[in-house]
Amino acid sequence: MRLEITHETRYTYSAPVRESVMELWLQPLTLPMQRLVGFDIVTEPRAKMMTYRDWLGNIVYHFDVPAKHTELVIRSRAMVETYERTEPLPAKVDPGAWAHLRSDEVRSRYYDMMRPSTFVDGSGHLETFMRERDLLALPPDPLTGLRVLNQEIYGAFDYVPGFTAADSPIDAALEHRKGVCQDFAHIMLAVARHWGIPSRYVSGYLARTEQDTQIRSVPDASHAWVECYLPEQGWVGFDPTNDMLANERHVVVAYGRDYADVPPTRGVLKGDADSLLEVDVHVRQAERLSLDSDFLKVVRSPRTRPDQFIAATKPQRSIALEMQHQMEQQQQ
């Protein structure tokens, strides 16, 4: 598919703030199943944009607005080509895959994706959910178990935009059995890691139309799902919000242990003011990808194999640590 994505984030402040510092995870990656054609970001007030690659291999933009302002607008635009999986997944994988997942090689290589993280941890509510859905014991094989888990989360939870917040723990959705894609992804990560399957959070977008009445996602929001590592299959995407495998409609922006690693935008401000956050996202299918010269200012990322996870450097110290009033946006 040829997709054009626009993402606008608008912060409005109740009083002038003296400075805003922001980090952005908005540029789609180039991967075997998707190709980034073009990307750009503009801000109001204007700011000099800088980039770096984080410890997980994602492209991060950051900037500073060191002057008084009452509004901050961030607009990004991307052109992406996505492709279908060349070979369909089998109905199941060999049960011997469990032994491989328990091997020292896998546990060492994917250590960070098998451990508890900020939003992915065990709890009484999680154990109750797993017991009710017969998920405590290991399934016959990892792929069968993940298909069932994807379906169980879809059936057990109501999709209610705005019910949880960006920093809500999984217990909020587990207790009330409602939430958004961010919550469902965290719950699936928690169960899959409990089974010993390396699993990572995916931040991105889902292309949909008005005719897609069965798709549970807000059209004007970013999306989140999960990728799990399976022997001989590599990283396989599961979307528990919609009980589907990730496909050419899913556009990957960033990988993390959970949402805390890769929010679309994160920042801090100097000043005594309340902030109002508004987000407007549009993902549309394009007949052709026509670009102007300014739309080629893009930080390229290397192509990776489906079974490869990028983690080469230690995390940089966040530019936001010296200030207060953190701001984030939830994925719906």
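Mean silhouette area of segment 47-146, derived from the convex hull of its C-alpha atoms and averaged over all directions, reads 12.1 nm².
Residues ARG107, ARG284, sorted by accessible area with the largest first, give ARG284, ARG107 [1.4 Å probe; ligands and nucleic acids excluded]. Once the chain from ARG102 to ARG288 is taken as fully extended at 0.36 nm per residue, the excess over their C-alpha distance is 62.4 nm.
Note that segment 148-159 has calculated 3J(HN,Hα) couplings of 5, 4, 4, 5, 5, 5, 4, x, 8, 10, 7, 8 Hz, one per residue in order, obtained from phi through the Karplus relation 6.51 cos²θ - 1.76 cosθ + 1.60 (θ = phi - 60°); glycine and proline are x.
Annotation: extensible slack from ARG2 through LYS92 equals 29.3 nm (criterion: 0.36 nm per residue apart, minus Cα-Cα distance). Structure remark: mean-square fluctuation, Gaussian network model of the chain, C-alpha springs under 10 Å; the largest value among ALA91, ALA254, ALA15 belongs to ALA91. For the chain, the relative contact order works out to 30 percent when only alpha carbon pairs closer than 8 Å and six or more residues apart are counted. Helical runs (DSSP H, four residues minimum) scored at -39500 (n - 2.57) apiece and divided by the length of the chain put the mean residue ellipticity at 222 nm at -5000 deg cm²/dmol. Using the Cβ-Cβ distance between SER14 and TRP55 with R0 set to 35 Å, the FRET efficiency works out to roughly 0.50. Assuming 1.306 mPa s and 10 °C, estimate D for segment 1-96 with Stokes-Einstein, Rh taken as the Kirkwood radius over Cα pairs, in µm²/s. Roughly 99 µm²/s, to the nearest whole number.
With each label modelled as a point 7 angstrom along the Cα→C-beta vector, the VAL160-GLU71 pair spans 3.3 nm. Amide H to amide H, with H built 1.01 Å from N, MET244 comes under 5 Å of ASP239, counting only residues 5 or more places away or on other chains. Under conditions of 20 °C and 1.002 mPa s, the chain yields 105 µm² s⁻¹ as its translational diffusion coefficient, taking Rh as the Kirkwood radius over Cα pairs in the Stokes-Einstein equation. Treating r as the C-beta distance of GLU132 and ASP167 and R0 as 22 Å, the FRET efficiency rounds to 0.25. Sorted on the mean count of surrounding Cβ atoms within 10 Å across their residues, most packed first, peptides 269-280, 140-151 read 140-151, 269-280.
In this structure the amide hydrogen of GLY271, modeled in the peptide plane, comes within under 5 Å of the amide hydrogens of ARG18, none closer than 5 places in sequence on its chain. Peptide packing for 23-33, 59-69 was compared via the average number of neighbouring C-beta atoms within 10 Å per residue; ordered from the highest value, the list is 23-33, 59-69. For a modelled paramagnetic label at LEU276, 7 Å from Cα along Cα-to-Cβ, the residues of segment 1-25 in reach, with backbone nitrogen under 16 Å, are 9-17. Restriction of the trypsin sites (Lys or Arg not before Pro) in segment 1-54 to DSSP coil positions whose beta-carbon has at most 10 other beta-carbons within 10 angstrom yields ARG46, LYS48.
Excluding same-chain neighbours fewer than eight residues apart, the aspartates and glutamates reachable from LYS92 by a Cα-Cα span under 15 Å are ASP141, GLU232. Using alpha-carbon pairs under 8 Å, 6+ residues apart, how would you state the relative contact order of segment 1-152 in percent? About 28 percent, as a whole number. Between ALA286, ALA207, ALA173, the Gaussian network model of the chain with springs among Cα atoms under 10 angstrom shows the greatest mean-square fluctuation at ALA286. The aspartates and glutamates whose alpha-carbon is closer than 12 Å to the alpha-carbon of LYS270, local same-chain residues fewer than 8 away aside, are GLU19, ASP64, GLU322.
The values are calculated or read from the model by the stated rules, or taken from the named source; none is laboratory data. Quick caveat, the model's predicted, so the values are computed rather than measured. FYI the Cβ positions are ideal-geometry reconstructions off the backbone, even for glycines, and counts take in every protein chain you see. All accessible areas refer to the heavy atoms of the entire protein, side chains included, with ligands and DNA or RNA removed. Shrake-Rupley method; radii C 1.70, N 1.55, O 1.52, S 1.80 Å.
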